[in-house]
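A.B. asks: The structure is given below, and queries will be raised subsequently.
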Amino acid sequence: MNANLNELLNALPQDTAESEAELPREELERIFADLAMRRPPTTSLHRMWTIGELSVQVALAYGAQTVRGWFADAEERERHRMEANLRIGLKIFHRLGYLRGALMKAGQMVGSLPHVAPAQIVDTLDRLRFDAPPMHYSLIREVIENDLGRSPEEMFQSFEKEAFAAASIGQVHRATLKSGEQVAVKIQYPGIARTIDADLRSLATLLPPLRYIAGDGAGERFDQIRRMMKQEADYELEAESLRFARSIFADRDDIVLPKVYPEYSGSRVLTMEYLPGLHVGDFLADNPSQDLCDAFGAKICFSWYRMHAEKMNYADPHSGNYLFMNDGRLGLIDFGCMQHFRDIEYQPLSQTARMATGGMAVVREVLLTNGASEEEMADEAFLEICVESSRFIAEPVLHGGPFDYGDPIHLKRRLEWNLRICDNKSVIRNGSPFWMYYHRSDLALYALLYRLGARVDLSTLPIAEWWGMK
Amino acid sequence: MRVTTEVRAATRDRILAVAAERFTQDSWETTTTRDIAAAAGIANGTLFNYFASREAIVAALIEETMPDAAKQYRRRRPGDEPLDEELFSLEWTALKSLRRYRNFLAPALETVFSPLATPAREDPGAGLRKTHLETVAHILTDHGIPQPLPAVLLQLYWTLHLGVLAYWAADSSPHQEDAMALLDRSVKLFTASLTGGDGGPHIERKPE
């Protein structure tokens, strides 16, 4: 087994003994082997990648393969020219970022380019990403002083010098306010937000070749990716998202989001209430009962669909963002990557169940009323994958009774669906990064529920109401 | 008339104060020793009894900040930090104490710390180099690094130090946070070169 495949498999949820019996691990391995062994048409492009991280190489290889495919219909001479431009652009891209954290962000972004990389690869990149370099206390103190005007010693009763969690571009420390409240202080590595911004501007050098095949749409896609990337470095926006998301859950929901302390927060420092709880791995290590897994599964689903009802998606697929609390409540802790649905995105999502049951005719109607182009409407393969996608998205909702997320057959079918999306030329040509982010988070949610082996009866949740089915 | 030590010290201080003001308000390029002497109320020739050049004045200004920086550094130092953190703290405290001179340091550094200068009498940066590297050597000793350090490693440290200083002096990022990141990376690079590993966290302070 090659190293790439090992990385991918290790990043996936571990199968349970039963699931291994039902679905040979080899079957899943075959799917990922197929992914990992693919190469761009020419090996010279592949050799160009010298970034040491294997997972990034996988994503970049996909990037090259797919983007080259976009030029397939061009005249040969023109194609050579565009590929040469692309090569230059990719070389620039390859050298982006003098900070490791930003470099890995760039790697992640390749994975997030519209359907360039399969969602599994994107998910893997997120798990394997190298974060910003670790910060020692003297550096942390300077960042806090710069951002908030006071040192940690002046602001907090106590401040733990060792980080207890890594954030994507910084780290999180526990502290106690002078009032005695326990808080989590998220601190950003200095200068990284502007580095990411500068990298994104440099990456725009890729746009001319993209525009050739995708018209102005390429610019819009790139802007969407840019917004999502910048969002993660914007702690003020994260605080705002967190405040709003907190407001939509009631105490009875048993879903907890940390309170933000604005007087202890700025653009590089975000101070939130500390939530005690276990990550999924530690939670499962205690052999929780099926009922408890089901109850947490139901809360995870509730929080997911409840946010959808408010036209937002909890888009960071990292399982570490879910906390399993001792009292049975579910904690959600990271709001740095939120998608906000526009109507043309929300309408198709809210009508997923209708599309899934109504088939092609309803899909045509929904797409037509939500800005689909003539080209998309004439593309049967694209329409068929939309029908299929609506069935997959709606499946747990329409299932009726407890849906077994722990069933490996479901997981396999879902992975294969994702592969089909990534292989679909129409999707590659027309796909919006919005849906790439959405599918990525959807698959990660599924993976989390699969690990829990949760059985959730979604008909008991008011999803039908939120989706306009009632 | 015999010039007393007190008068001499007062004149020296006046020259430094006036020079800092001139370099800040006008510019490094346009301010001459003649301008400084006139503003300080002394003859041009008298100024050379104190400083051989504009570069020597800047070196003295930097040197003047060092005791205060050292005091700040000692005050904030927890005492149990790993090597990379201690070096970071030393350097960043020194940079912060130079903040008021930042707008003329960038052009001045080109000649004050010229890479072509030899440790001769006319090298205004030589004294600073010596003092600073002695402080660094003390810190390294505290962390169990055998002394003297090979000349190549000393030169590496000084090169990184000057690189960060030059970058910081011209850094337009908020609170010079890019320079802060560069310093962090530079210190890690240096400590890694001492250990052949990734530096800092593996080098703990030697027990007292």
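A.B. asks: For A:Y346, are the conditions met, namely being of a type in the set (F, W, Y), surrounded by 14 or more Cβ atoms within 10 Å (Cβ to Cβ) and in contact (Cβ under 8 Å) with a residue 40 or more places away in the chain?
C.D. replies: no
A.B. asks: Taking the range B:164-184 as the search range and keeping residues that are surrounded by fewer than 16 Cβ atoms within 10 Å (Cβ to Cβ) and of a type outside the set (A, V, I, L, M, F, W, C), which one is farthest from A:I144 (Cα to Cα)?
C.D. replies: Step one: list which residues in the range B:164-184 are surrounded by fewer than 16 Cβ atoms within 10 Å (Cβ to Cβ), which gives B:170, B:172-174.
Imposing the further condition that a residue be of a type outside the set (A, V, I, L, M, F, W, C) reduces the set to B:172-174.
Numbers: B:S172: 19, B:S173: 16, B:P174: 13 Å.
The qualifying residue farthest from A:I144 (Cα to Cα) is B:S172.
A.B. asks: Working only within the range A:349-363, note down all residues that are touching a residue at least 12 places away in the same chain (Cβ under 8 Å), among the small types (G, A, S) and surrounded by fewer than 19 Cβ atoms within 10 Å (Cβ to Cβ). Reasoning before the result, please.
C.D. replies: First, the residues of the range A:349-363 that are touching a residue at least 12 places away in the same chain (Cβ under 8 Å): A:349-357, A:359-360, A:363.
From what is left, the residues that are among the small types (G, A, S) are A:350, A:353, A:356, A:359.
Passing the criteria: only A:G359.
A.B. asks: Could you say which residue among A:I344, A:I300 is under 19 Å from A:D442 (Cβ atoms) and in contact with a Gly (Cβ under 6 Å, 6 or more places away or on another chain)?
C.D. replies: Numbers: A:I300 fails: in contact with a Gly (Cβ under 6 Å, 6 or more places away or on another chain).
Selected residue: A:I344, the only one of A:I344, A:I300 that is under 19 Å from A:D442 (Cβ atoms) and in contact with a Gly (Cβ under 6 Å, 6 or more places away or on another chain).
A.B. asks: For the range A:256-287, what are the residues that are under 24 Å from A:Q231 (Cα atoms) and outside any loop (DSSP other than H, G, I, E, B)?
C.D. replies: Of everything in the range A:256-287, those that are under 24 Å from A:Q231 (Cα atoms) and outside any loop (DSSP other than H, G, I, E, B) turn out to be A:V256, A:V260, A:P262, A:E263, A:Y264, A:V269, A:L270, A:T271, A:M272, A:E273.
A.B. asks: Looking at (1) at pLDDT 95 or above; (2) touching a Gly at 6+ places or on another chain (Cβ under 7 Å); (3) in a helix (DSSP H, G or I); (4) surrounded by fewer than 19 Cβ atoms within 10 Å (Cβ to Cβ), can you tell me which one A:D291 breaks?
C.D. replies: (2)
A.B. asks: Hey, which of the strands (runs of 3 or more DSSP E) in the range A:152-200, taking only ones fully inside, have at least 2 residues that are within 30 Å of A:M228 (Cβ to Cβ)?
C.D. replies: By residue number, A:165-167, A:170-177, A:182-188.
A.B. asks: Using the structure shown, decide if B:S114 is under 26 Å from B:T24 (Cα atoms), at pLDDT 90 or above and assigned to a loop (DSSP other than H, G, I, E, B). Steps first, answer last, please.
C.D. replies: Working: under 26 Å from B:T24 (Cα atoms): yes; at pLDDT 90 or above: no; assigned to a loop (DSSP other than H, G, I, E, B): yes.
Judged against the criteria, B:S114 is not a match.
A.B. asks: Please pick out the residue among B:V7, B:V18, B:V58 that is without any contact (Cβ under 8 Å) to a residue 60 or more places away in the chain, closer than 21 Å to B:R99 by Cβ and β-branched (V, I, T).
C.D. replies: B:V18
A.B. asks: Of the numbered conditions (1) part of a loop (DSSP other than H, G, I, E, B); (2) buried (at least 22 other Cβ atoms within 10 Å of the Cβ), A:G297 fails exactly one; give the number of that condition.
C.D. replies: Tallying (1) part of a loop (DSSP other than H, G, I, E, B); (2) buried (at least 22 other Cβ atoms within 10 Å of the Cβ), A:G297 fails exactly one: (1).
A.B. asks: Check B:G45 against each of (1) under 19 Å from the mean Cα position of the chain (by Cα); (2) not in a loop (DSSP other than H, G, I, E, B) and name the one condition it does not meet.
C.D. replies: Condition (1) is where B:G45 drops out.
A.B. asks: Continuing with this model, one more query. Tell me which residues, restricted to the range A:246-272, are in contact with an Asp or Glu (Cβ under 7 Å, 6 or more places away or on another chain), under 30 Å from A:P190 (Cα atoms) and in contact (Cβ under 8 Å) with a residue 60 or more places away in the chain.
C.D. replies: Matches in the range A:246-272: A:P258, A:G266, A:S267, A:R268, A:V269, A:L270.
A.B. asks: Could you list all residues from the range A:157-180 that are in contact with a Phe, Trp or Tyr (Cβ under 8 Å, 6 or more places away or on another chain), away from every other protein chain (no Cβ under 14 Å) and of a type outside the set (V, I, T)?
C.D. replies: A:H173, A:R174, A:A175, A:L177, A:K178
A.B. asks: So which residues in the range B:67-92 are within 18 Å of the chain's Cα centre (by Cα), under 16 Å from A:E145 (Cα atoms) and more than 7 Å from chain A (Cβ to nearest Cβ), if there are any at all?
C.D. replies: B:Q72, B:Y73
Residues checked against (1) assigned to a helix (DSSP H, G or I); (2) surrounded by 14 or more Cβ atoms within 10 Å (Cβ to Cβ); (3) modelled with pLDDT under 90:
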{"residue": "A:G336", "(1), (2), (3)": "no, yes, yes"}
{"residue": "A:E365", "(1), (2), (3)": "yes, yes, no"}
{"residue": "A:G371", "(1), (2), (3)": "no, no, yes"}
{"residue": "A:E375", "(1), (2), (3)": "yes, no, yes"}
{"residue": "A:S389", "(1), (2), (3)": "yes, yes, yes"}
{"residue": "A:I409", "(1), (2), (3)": "yes, no, yes"}
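A.B. asks: Of the numbered conditions (1) more than 14 Å from every other protein chain (Cβ to nearest Cβ); (2) in a loop (DSSP other than H, G, I, E, B); (3) at pLDDT below 85, B:A52 fails exactly one; give the number of that condition.
C.D. replies: (3)
The values are calculated or read from the model by the stated rules, or taken from the named source; none is laboratory data. For clarity, every value in this text was computed on a predicted model and none was experimentally measured. No Cβ is skipped: glycine too gets one built from the backbone with ideal geometry, and neighbour counts run over all protein chains shown.
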